[in-house]
1. What number, in percent, do you get for the relative contact order of the chain if the mean sequence gap of Cα pairs under 8 Å and at least 6 apart is divided by its residue count?
2. Starting at the first residue of the range 208-222, write each ³J(HN,Hα) from the Karplus equation 6.51 cos²θ - 1.76 cosθ + 1.60 with θ = phi - 60°, in whole Hz, x for Gly and Pro.
3. Within the set of other residues whose C-beta is less than 12 Å from the C-beta of residue 166, count the net charge using Lys and Arg as +1 and Asp and Glu as -1.
4. How far, in degrees from 0 to 90, does helix 76-89 lean away from the longest principal axis of the Cα atoms of the chain, to the nearest 10?
5. What net charge do the residues around residue 199 carry, taking every other residue with its C-beta under 11 Å from that of residue 199, with Lys and Arg at +1 and Asp and Glu at -1?
6. How large are Rg and Dmax for the range 102-208 when calculated on the C-alpha trace, in angstrom?
7. Compute the Kirkwood hydrodynamic radius of the range 80-157, taking the inverse of the mean of 1/r over all pairs of distinct Cα atoms, and give it in Å to one decimal.
8. Count charges around residue 96 for me, please; just the other residues with Cβ under 14 Å from its Cβ, Lys/Arg as +1, Asp/Glu as -1.
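Taken together, the values in this text are just the output of simple stated rules run on the coordinates, not laboratory data. Owing to the predicted nature of the structure, the values given are computational and were not obtained by experimental measurement. Using ideal geometry, Cβ is built from the backbone for each residue, glycine included, and neighbour counts are taken over all protein chains shown.
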Amino acid sequence: MAERSAPVGVMDSGVGGLSVLADIHRLLPAESLLYVADCGHVPYGEKSPDYIRERCRRIAAFFQARGAKAMVLACNTATVAAVADLRQRYPEWPLVGMEPAVKPAAAATRSGVVGVLATTGTLQSAKFAALLDRFAGDVRVVTQPCPGLVELIERGDLSSPPLRVLLEGYVQPLLVAGCDTLILGCTHYPFLRPLLAQMVPEDVAIIDTGAAVARQLQRLLQGRNLLADGPARDAEFFSSAEPQRLREVLPALWAAPVAQVMAFSG
């Protein structure tokens, strides 16, 4: 039986999951957090499901070895490929995944047209297709794969001219199609909210699922009497690439204290 003071493990293919980590930290400030950035294998969006599953298994084993009381897959692509496999392997372990916010977007749209910015892997998945079938109803969903965005954000680039040009090229077709609601279908993309706000009209809603994931984690921990009493230890970070790269971009993406940034060798 895990202790309430045990940490929560959060993983992503890179730094994008830090947007979800921030939502978890805001809602559950008493929780101690471990974060694995699989930067040595980013981006997941262009890799095979088998490859991603193996990466997630290794990271899950690492969290288990560190005594984590729960795991959050803060990555849409990893969730699609691996969450069912991990739930089968660890049936008693609270596991939280991501999914694009099709349901709230369908409820929010006034024009009846919703745009989705996501990775190729997410948009091609059966899970995404099932979400559309279940929640989209009469809403028209226009999808836009966004190759190249993740790689730029991984470098801490949130506003350079090349990034602006790339993002503008992905957003404009959605606006032309009449979208009044945009789903950020990758955990890297919330870091581009300030830039997106400059590119879309004020009445276009921008939706992501980080806060919903934090609430689901809260529900699972509460149901198992595992919510921490605090105080939380400073967050620990691990990277499968050179840790110094993560140290350099963390100040732009994570506002809370950092205990350490170390290599993840899994």
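1. Value for the chain: 29 percent.
2. Each residue's phi maps through the Karplus curve to give 9, 10, x, 5, 5, 5, 4, 5, 5, 4, 4, 4, 5, 5, 4 Hz.
3. Every neighbour counted, the sum reads -2.
4. Taking Cα atoms only, the helix is inclined about 40 degrees.
5. Taking every other residue near residue 199 into account, the sum is +1.
6. 13.2, 39
7. 14.4
8. +1
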